[in-house]
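The values are calculated or read from the model by the stated rules, or taken from the named source; none is laboratory data. Keep in mind that what you see is a predicted model, and the values were worked out from it rather than measured. Glycine gets a Cβ as well: all are built from the backbone with ideal geometry, and neighbour counts include every protein chain shown.
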Amino acid sequence: MSVNIKFMRYVLGVGRIGILLVLAAIMAGVYVSAAGAQEVLPTRSDYAVWLHKYLDAKPTFKPGDVLSQKDLERIRPFVPPGYLEQLNFPEMRMEIGSPENHTPRQDFMNCTEKYQSQVRLGPDGALENYVCGQPFPNSSVNVSDPMAGIKAAWNYEWRWQNFGLACYTLPWIWVRFGGTHEPFDIEKDIAWDTGTDFTGPLPDKAQVAQMFAGGGTFQRILQSTYQRVYFSHLAPMAQNGGLLPVPDAKEFEFKEFTGFFDPFDIRGTAFIVYRYADPRRQDDAWAYLPVLRRVRRISVEVKSDSLLGTDHTLEDFYGFSGRELEWKWKFLGWKDMLAVMSSKYDYAHYYGPNGIVPNDRWTLRRFAVVERTPIRPRHPYSSAIDFWDAQNWDTSYLIAFDQSKKLWKIFQFTKVWSEDFKDPDLQRINKGVRATDFQTIAVMDLQNHRATLNPIYGLGFPTVTAQHVAKLYDVSSLEQIHR
């Protein structure tokens, strides 16, 4: 790998470009987009027409039906414009399932009942008097209320996630539309502890071939470990003021760890992000870069840039992982949508010409449709539309528009209900949590005919210990792997 050390020192020393470009710079073969035919893509105005026409649409299908390519017009009202075209292939088969009850665990519901009535919005939209549970009732989120958008955003921010998500192995697959791909190995040589004590088997190459069927050219595959832990407003810690039993827990909303262990040229690259409880305070982050063999404090304020040359940004993690006060919010209505929120598999299965369509069970669920517009004028998005589940406020789709208000990206999330896992080790981590686990994220850059897939293995929302958290988020421990 050829690395410009002088440039790296400049980036790390000045700290203006941020962690996204830092990590992208150390990758071998930074992504270069290939020329391709430009198809006609929907605009924000087209979305307005679609929402107006289909906001209250009712399905002509039912649970137990299996829809095919000939049923695309029946599906159109219930999937975002631009995504319907991804379903237009002869082998398309959409199994319709019955929606499961995704009511969060009782301790979260108890928090909601006890504290929701005291929650308020500050003059700038900041959350006030919040302890734990869902901040605002669904009944208060309606199009007649100009504050409904920011209320929905806080409901999403503080949705039920136990102590936070842990991923034993998180691959990042760069997909070019068209072509073919070979099965790949899911690596087991994990260097960091996620606190899940996961020991179950990971899919072998034969199973991977079944899970990632169809087309699509896999240009590069990175593999990482990931964990986010929430420190405050925790329903399981309601008797402790909602705080994790660690020093200064009230100062933080969450801390996030990502460590890359494959391929070899990035092995050991790791970073930690701190999100503070104060919604006006900027994040802090630190990275260990093997090429420099040292930990450096860096900026994460450029959150909207490409992460590692993929189609992700830090701001789009989970659907939205930015700070609410940096956006203007508008609630567009409640809408029934088709989504994979209760997968019939432990791990994701894909197919289709580009290998990015879930080959799974779809259900019709109710979603809050919320548009966010960046306050920062130079943001790459003119706006983005999020679809959040009405029962647990988890995300299913994110739609991003470029500065010309043309559709740019569609984020499609497949989820598995924590109570549905079949593997005993995954059951141990998830049973009783009553949360929707991230199974895969498919980020489709429709303007550049490419995508990024993030299948997740050994996943869950584990109960964490103070000892584990103190060790994982200790900045000095970032150097525990060396090339």
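Looking across segment 400-435, the residues that are part of a helix (DSSP H, G or I) and of a type outside the set (Asp, Glu) come down to Ser418, Pro424, Leu426, Gln427, Arg428, Ile429, Asn430.
Note on segment 129-172: among residues that are polar (S, T, N, Q) and touching a Ser or Thr at 6+ places or on another chain (Cβ under 9 Å), the one that is nearest to Ser117 (Cα to Cα) is Gln134. For segment 50-94, the tally of residues that are in a helix (DSSP H, G or I) and either under 15 Å from Gly352 (Cα atoms) or in contact with a helix residue (DSSP H, G or I) (Cβ under 7 Å, 6 or more places away or on another chain) (or both) stands at 10. No other residue among His233, His181 is closer than 30 Å to Tyr130 by Cα, at pLDDT 95 or above, of a type outside the set (Lys, Arg) and part of a loop (DSSP other than H, G, I, E, B) apart from His233. Determine whether Asp124 is among the acidic types (Asp, Glu), within 30 Å of Gln467 (Cβ to Cβ) and either part of a loop (DSSP other than H, G, I, E, B) or in contact with a helix residue (DSSP H, G or I) (Cβ under 7 Å, 6 or more places away or on another chain) (or both). It is false that Asp124 is among the acidic types (Asp, Glu), within 30 Å of Gln467 (Cβ to Cβ) and either part of a loop (DSSP other than H, G, I, E, B) or in contact with a helix residue (DSSP H, G or I) (Cβ under 7 Å, 6 or more places away or on another chain) (or both). Across segment 244-276, the number of residues qualifying as more than 30 Å from Trp154 (Cβ to Cβ) and hydroxyl-bearing (Ser, Thr, Tyr) comes to 1. Scanning segment 101-131 for residues that are surrounded by 14 or more Cβ atoms within 10 Å (Cβ to Cβ), within 23 Å of the chain's Cα centre (by Cα) and within 29 Å of Val340 (Cβ to Cβ) returns His102, Pro104, Arg105, Phe108.
Taken over segment 239-268, the criterion of being farther than 23 Å from Asp107 by Cβ and assigned to a loop (DSSP other than H, G, I, E, B) is satisfied by Pro247, Asp248, Pro263, Arg267, Gly268.
Can you report the number of residues in segment 436-460 which are assigned to a loop (DSSP other than H, G, I, E, B) and surrounded by fewer than 23 Cβ atoms within 10 Å (Cβ to Cβ)? Spell out how you get there, then give the answer.
If we filter segment 436-460 for residues that are assigned to a loop (DSSP other than H, G, I, E, B), which is where we start, we get 446-449, 456.
Now restrict to residues that are surrounded by fewer than 23 Cβ atoms within 10 Å (Cβ to Cβ): 446-449.
Selection size over segment 436-460: 4.
On inspection, Gly214 qualifies as in contact (Cβ under 8 Å) with a residue 40 or more places away in the chain, closer than 23 Å to Leu453 by Cα and in a loop (DSSP other than H, G, I, E, B).
Scanning segment 351-378 for residues that are within 23 Å of Asn155 (Cβ to Cβ) and either outside any strand (DSSP E or B) or among the hydrophobic types (A, V, I, L, M, F, W, C) (or both) yields Leu364, Phe367, Ala368, Val369, Val370, Ile375.
Being on the phi < 0 side of the Ramachandran plot, surrounded by 23 or more Cβ atoms within 10 Å (Cβ to Cβ) and among the aromatic types (Phe, Trp, Tyr), is that true of even one residue in segment 171-187? Within segment 171-187, not a single residue is on the phi < 0 side of the Ramachandran plot, surrounded by 23 or more Cβ atoms within 10 Å (Cβ to Cβ) and among the aromatic types (Phe, Trp, Tyr).
With the structure loaded, tell me whether Val246 is touching a residue at least 12 places away in the same chain (Cβ under 8 Å), surrounded by fewer than 19 Cβ atoms within 10 Å (Cβ to Cβ) and touching a helix residue (DSSP H, G or I) at 6+ places or on another chain (Cβ under 6 Å) or whether it fails that test. Spelling it out, Val246 is indeed touching a residue at least 12 places away in the same chain (Cβ under 8 Å), surrounded by fewer than 19 Cβ atoms within 10 Å (Cβ to Cβ) and touching a helix residue (DSSP H, G or I) at 6+ places or on another chain (Cβ under 6 Å). Given the condition buried (at least 19 other Cβ atoms within 10 Å of the Cβ) and within 22 Å of Ala287 (Cα to Cα), answer yes or no: does some residue in segment 206-218 qualify? Checked against the condition, which is being buried (at least 19 other Cβ atoms within 10 Å of the Cβ) and within 22 Å of Ala287 (Cα to Cα), segment 206-218 yields no hits at all.
Residues in segment 422-434 that are touching a residue at least 60 places away in the same chain (Cβ under 8 Å) and surrounded by 23 or more Cβ atoms within 10 Å (Cβ to Cβ): Leu426, Ile429. Within segment 120-148, residues that are touching a residue at least 40 places away in the same chain (Cβ under 8 Å) have Cβ atoms under 9 Å from residues that are loosely packed, with under 11 Cβ neighbours inside 10 Å and part of a loop (DSSP other than H, G, I, E, B) in these pairs: Asp124/Arg280; Ala126/Arg280, counting only partners at least 6 apart in sequence or on another chain.
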